[in-house]
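The values are calculated or read from the model by the stated rules, or taken from the named source; none is laboratory data. No experiment lies behind these values; they were computed from the predicted model shown. Every residue, glycine as well, gets a Cβ built from its backbone with ideal geometry; the counts of neighbours run over all protein chains shown.
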Amino acid sequence: MFYETWKYKDNNNLNNRFGENGMKTYNNPPQLNTSRRFADNMTSAHALTLKAKKGEKGNTKGTPYALPAFNITTIQGINAAFDAFETLGASGLLALSNSALKHFGSGDPITGLEVAADYIAARAKRSSVKVATHLDHGDYTTEAGRKVVQGAVQHLTSVMADNSTDHANKRGRSLEENIGYTREVVNMAHPLGVSVEGELGVLAGEEDEDTKSEVSTYTNPDDFEQFITETGVLMIAPTIGTMHGPNKGKPGTKVKLNIELAHELLKIADRVQPETIFVAHGASTLYPQVVDYAVEQLTALSTGMLEQYGQTWKNFVGTDWEQIQGLIGAGFAKINTDTENRQTFLSALLGAVNTNAAKIDIRWYDTKTTEALTQSYLVKLIMAGNYGVWHEPKIDVKKYNFDLHLALADALKNAQ
Ligand SMILES: [Zn+2]
């Protein structure tokens, strides 16, 4: 046995779980089982992000790049992501949140897990690239959340153990509690080759439809060292000023990330566990052309629509890409992006309705929005440097121009 099995009597009693004084320490966490064979072309998120952190593409080693994690909510979203990965020869990372799993499973997240994982495995089998599946914001601290994390360990290749916030009581959890819960997930997942992402510090904004935090706290470097040592996680989301959701600040203001803190944490990680991957949450940037396109469609639909919704679109505030790029140099190899993809989807839907509001064909609307998502994914992968990893890109990435006025085929043809 290469790790200690951590036993406790009562699942719900925190004193038993963390010891009387809450200061129990846990040594020798289980290492990630890297010889686990997943379904064809599937691998752990850690394997792909470690490759990115080292700058490995094909047989070459260059500058670090990152994997944008795309939050998938529909079968069409999975198709859009695979089309983007295969066009670019990129490493793929598909994230599934609890509410997305409920959406896939008609209310039941475990059904959703099976449906989504099976479909992704079927696409991956026929794919030219390697892909990881990841549970986004798995909550191991509630009974319902625990079931989803346990299911995800069976069906996905990576899970997030988001135990830093007590969402029910709207407070941050103690370091000991966070370590205890996260270590339990590592004990379960690592021997199966499933990588685990922990969260340390409290991230502001809406994490999912189900969870929200009003306040944020930066990750404490001392806590960070203890956390990665005792939990054994190889992926961690430190909080350095990122924020979830479409409104990351007042309109006109800029989000400022604490890149200095990121570098300080990287130094610690390099000493304790050099294979640690940092994850940026709430890292959505914005596409100004998507906002312009939406406003254009609202204007054409009716002046009432523009008056009612135009300002909301113009008020969206994301994180500047230069800030995110600064993170890639500081050990961040997984960049969570969701809001800009959702905005792209909605913008394209407005355009579709505006083009033909009497079209009785679900596929037509699906195609318009799916192609828009593919465009959004393509541009984000290119921005993150994630192309030419498994084969040469099928387009000239420098010539690619993201424009919702163009059909996907034309956008790709223009980049030949
Ligand atoms: Zn997040």
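At a glance:
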quantity	calculated
Residue in segment 236-259 that is away from the ligand (no atom under 15 Å from the Cβ), at pLDDT 85 or above, in a loop (DSSP other than H, G, I, E, B) and over 19 Å from residue 147 (Cα atoms) present	yes
Which listed residue is at pLDDT 95 or above, charged (D, E, K, R) and closer than 20 Å to residue 71 by Cβ, from 338, 366	366
Residues that are within 16 Å of the ligand (Cβ to nearest atom), farther than 23 Å from residue 222 by Cβ and among the charged types (D, E, K, R), drawn from segment 133-192	136, 139
Residue match in segment 150-163 (condition: surrounded by fewer than 21 Cβ atoms within 10 Å (Cβ to Cβ) and hydroxyl-bearing (Ser, Thr, Tyr))	no
Selection status of residue 279, touching a strand residue (DSSP E or B) at 6+ places or on another chain (Cβ under 6 Å) and either more than 26 Å from residue 194 (Cα to Cα) or within 16 Å of the ligand (Cβ to nearest atom) (or both)	yes
Matching residues in segment 1-53 - criterion: being at pLDDT below 95 and in a helix (DSSP H, G or I)	14, 15, 16, 17, 18
Segment 121-137: number of residues that are in a helix (DSSP H, G or I) and surrounded by fewer than 20 Cβ atoms within 10 Å (Cβ to Cβ)	3
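Table: residues versus (1) within 16 Å of the ligand (Cβ to nearest atom); (2) farther than 24 Å from residue 99 by Cα; (3) in contact with a helix residue (DSSP H, G or I) (Cβ under 7 Å, 6 or more places away or on another chain).
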site: 306; (1), (2), (3): no, yes, yes
site: 318; (1), (2), (3): yes, no, yes
site: 322; (1), (2), (3): no, yes, no
site: 327; (1), (2), (3): yes, yes, yes
site: 340; (1), (2), (3): yes, no, yes
site: 345; (1), (2), (3): no, no, yes
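Residues are listed down the side, and each one gets a yes or a no for (1) in a helix (DSSP H, G or I); (2) in contact (Cβ under 8 Å) with a residue 12 or more places away in the chain; (3) of a type in the set (Gly, Ala, Ser):
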position	(1), (2), (3)
354	yes, yes, no
358	no, no, yes
363	yes, no, no
373	yes, yes, no
387	no, yes, no
390	no, yes, no
404	no, yes, no
413	yes, no, no
